[in-house]
Amino acid sequence: LTAVLMEGRPLAERIRAEVADEVRELGEIGLATVQVGEDPASTLYLRRKHEAAAEAGLRSVDVKVPAEIPEDELLEVVAELNADDSIDGILVQLPLPEPLDEARVITAVDPVKDVDGFHPFNAGELYLGRPTHVPATPLGIMALLAEHRIALEGTRAVVVGRSDIVGKPMAHLLLQSNATVTICHSRTDELGRHTLDADVLVVAAGVAGIVSVDMVKSGATVVDVGINRTEAGLVGDVDPGAIDRAGHITPVPGGVGPMTVAMLLANTLRAAELRDKAALQGMS
Ligand code: NAD
């Protein structure tokens, strides 16, 4: 048995093309990113986001501030972008250098413009089952699962990782699709007992090979979110040998990664639509 590969690139390209079509119809849409400091990984991720935004016809603004910026000044930068009518979506690239308070900075972003979906308001909306802006990675995973017609209702879903960016929002999206959800994390005892039970297994721990082949149920759908740089190159959190055991599996790289950028663009479009709607309501 060899699993069906759930490739992210073709679907991501289609979504990006759809966003581009809608951007042409809606007119000018602006995405602003804020980079604090010069972390090379952040620079690379942001470059990809800006390239994708440009290709979709979005106007993107790349705000860079020094790592030593006082927190109040950073909050001022965010406030200016909140007030800027030409900006529909804002994202502050994480992680922020010490001693900046990430929670405080994220909370300063206008929730309507919060295209990362990290603001407590948006996290709360997701938790309450009426999502507005949902973090791009779990949203992309849901799109990938839908593309492959993976049934979720009534299935056992296991999420490994409980971060605010991937694990927790992922678990909520699966719950909303009526899966029975288990969340595993670094203090989980006997991880394999849980993963082996999973019809749908999403692994976002950031630990290379943490899920071995014998921890995967035969025929399961496996989503490997992990990106780990090792001597052997870029690897995921799941042993690649799981391809012979799973029913569906995402490759690393080329699975979840491309979906994340596509969903950021989709979220920016959504933010512009939300602002339009709010403006219309304001006039009535
Ligand atoms: P994180 O470090 O914030 O969270 C990792 C989570 O894994 C934690 O909740 C922790 O409890 C859990 N964990 C750690 N060790 C564990 C163990 N031994 N057993 C069980 N659980 C364990 O990371 P994150 O931001 O959620 O990202 C997770 C991984 O996904 C990273 O490799 C990251 O690079 C990758 N990632 C990929 C994309 C993408 O677009 N493909 C996007 C975001 C993150």
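Things worth noting here:
- Helix 256-283 vs. the chain, principal-axis angle (Cα, 0 to 90°, nearest 10): 40 degrees
- Counted residue by residue at 0.36 nm each, then reduced by the alpha carbon distance between them, the extension gain from Glu80 to Glu273 reaches 67.4 nm.
- Accessible surface of the chain [probe 1.4 Å, protein heavy atoms]: carbon and sulfur percent: 52 percent
- Each residue of region 176-184 was assigned a 3J(HN,Hα) from its phi angle through the Karplus expression (A = 6.51, B = -1.76, C = 1.60, θ = phi - 60°), giving 5, 8, 6, 7, 9, 10, 10, 10, 9 Hz with x at Gly and Pro.
- DSSP bridge orientation in the chain - percent antiparallel, rounded to nearest 5: 10 percent
- The value obtained for region 177-284, namely the Cα convex hull volume divided by the number of residues, is 146 Å³ per residue.
- Sequence-distant lysines (8 or more away, or on other chains) whose Cα lies within less than 17 Å of Lys49: Lys64, Lys113
- The gain in end-to-end length when the Leu44 to Glu190 segment is fully stretched comes to 49.0 nm, 0.36 nm per residue minus the alpha carbon separation.
- Rounded to 5, the percent of DSSP beta bridges in region 193-245 classed as antiparallel: 40 percent
- Taking the Cα centre of region 41-152 as origin and assigning +1 to Lys and Arg Cβ atoms and -1 to Asp and Glu Cβ atoms, the resulting dipole is close to 700 debye.
- Accessible solvent surface per residue of the chain, calculated while the other protein chains remain in place, 1.4 angstrom probe, Å²: 49 Å²
- Between Leu94, Leu46, Leu175, the residue with the greatest mean-square fluctuation in the GNM of the chain (Cα pairs under 10 Å linked by springs) is Leu94.
- The H on the amide N of Leu91, modeled in the peptide plane, is under 5 Å from the matching H of Ala32, Thr33, Val34, each at least 5 residues off or on a different chain.
- For Met6, the residues 5 or more places off, or on other chains, whose built amide H falls under 5 Å of its own are Ile249, Thr250.
- Per-residue ellipticity at 222 nm from helix content only, as computed over the chain with -39500 (n - 2.57) for each DSSP H run of at least four residues, stands at -13000 deg cm²/dmol.
- Computed from backbone phi, the HN-Hα couplings of region 205-211 come to 9, x, 10, 4, x, 4, 9 Hz, rounded to whole numbers (Karplus: 6.51 cos²θ - 1.76 cosθ + 1.60, θ = phi - 60°; Gly and Pro given as x).
The values are calculated or read from the model by the stated rules, or taken from the named source; none is laboratory data. Model, not experiment: these values are computed from the prediction. All Cβ positions, glycine included, derive from the backbone under ideal geometry; neighbour counts span all protein chains shown. Surface accessibility is based on the protein's heavy atoms, side chains included, excluding ligands, DNA and RNA. Shrake-Rupley method; radii C 1.70, N 1.55, O 1.52, S 1.80 Å.
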